[in-house]
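Quick note: the coordinates plus some simple rules give every number you see, no bench work behind them. Computed from a predicted model, the values in this text were never measured in an experiment. A quick note on method: Cβ atoms are made from the backbone with ideal geometry, for glycine too, and the neighbour counts reach across all protein chains shown.
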């Protein structure tokens, strides 16, 4: 895995956005997801920017690194932090605006990504608080709270018409041996 973050797209910067400081966990600070980092200054930035933890230094949201995403996806406005992960994309939504991902243009883009990604065994997930929702071409599957180490499994079936149907299920982590 690449140890350096993806480069920031030309003309993009966090500016005053601090949404990742709320919706993401920061292990080095024992900060859970969904609560503000004690060092975040919403609308202004990070109070410990120069000495912030490594995970904060290494994180670049999807909007920062993707020139193709419109300004609508700016996290401070959209209330969505996009994360590109090995097996697809995760849209982490501010629990204060839990339906933000269902608004235009976000929902349509998530559905389009889902249809394209599933052809390559990749996923589109939405996380709102502790809930995980699998975005599928034909439905959205709310899988509820996901324990650490749990995975989302996407299964396919053929309808009598020949259409591919997708279903998602949660696969909880195996207990430690």
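Of 33, 60, how do they rank once you tally other Cβ atoms within 10 Å and put the fewest first?
Numbers: 33 14, 60 19.
Ranked by crowding around the Cβ, least crowded first: 33, 60.
Per DSSP H run of at least 4 residues, take -39500 (n - 2.57); add these up for the chain, divide by its residues and hand me the 222 nm value, nearest 500 deg cm²/dmol. Write down the numbers at each step before the final one.
Details: 5 runs with 30 residues, N = 177.
Mean residue ellipticity, 222 nm, calculated: -4000 deg cm²/dmol.
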Legend entry - Among 111, 41, 163: highest mean-square fluctuation, GNM of the chain, C-alpha pairs under 10 Å: 163
Inset, instruction - Mind giving me the FRET efficiency for residue 41 and residue 122? R0 is 35 Å, r the Cβ-Cβ distance, nearest 0.05 is fine. - result: 0.50
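If you wrap the stretch 63-126's Cα atoms in a convex hull and average its projection over all directions, what's the area in nm²?
On the way: hull surface 16.4 nm².
Mean projected area of the Cα convex hull: 4.1 nm².
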Inset, instruction - Send over the Kirkwood Rh of the stretch 20-171, from the inverse of the averaged 1/r over different Cα pairs, rounded to one decimal Å. - result: 16.5
Legend entry - Point-to-point label distance, residue 139-residue 161, nm (Cα→Cβ direction, 7 Å offset): 1.5
Inset, instruction - Using label points projected 7 Å from each Cα along Cα→Cβ, tell me how many nm separate residue 71 and residue 59, to one decimal. - result: 2.6
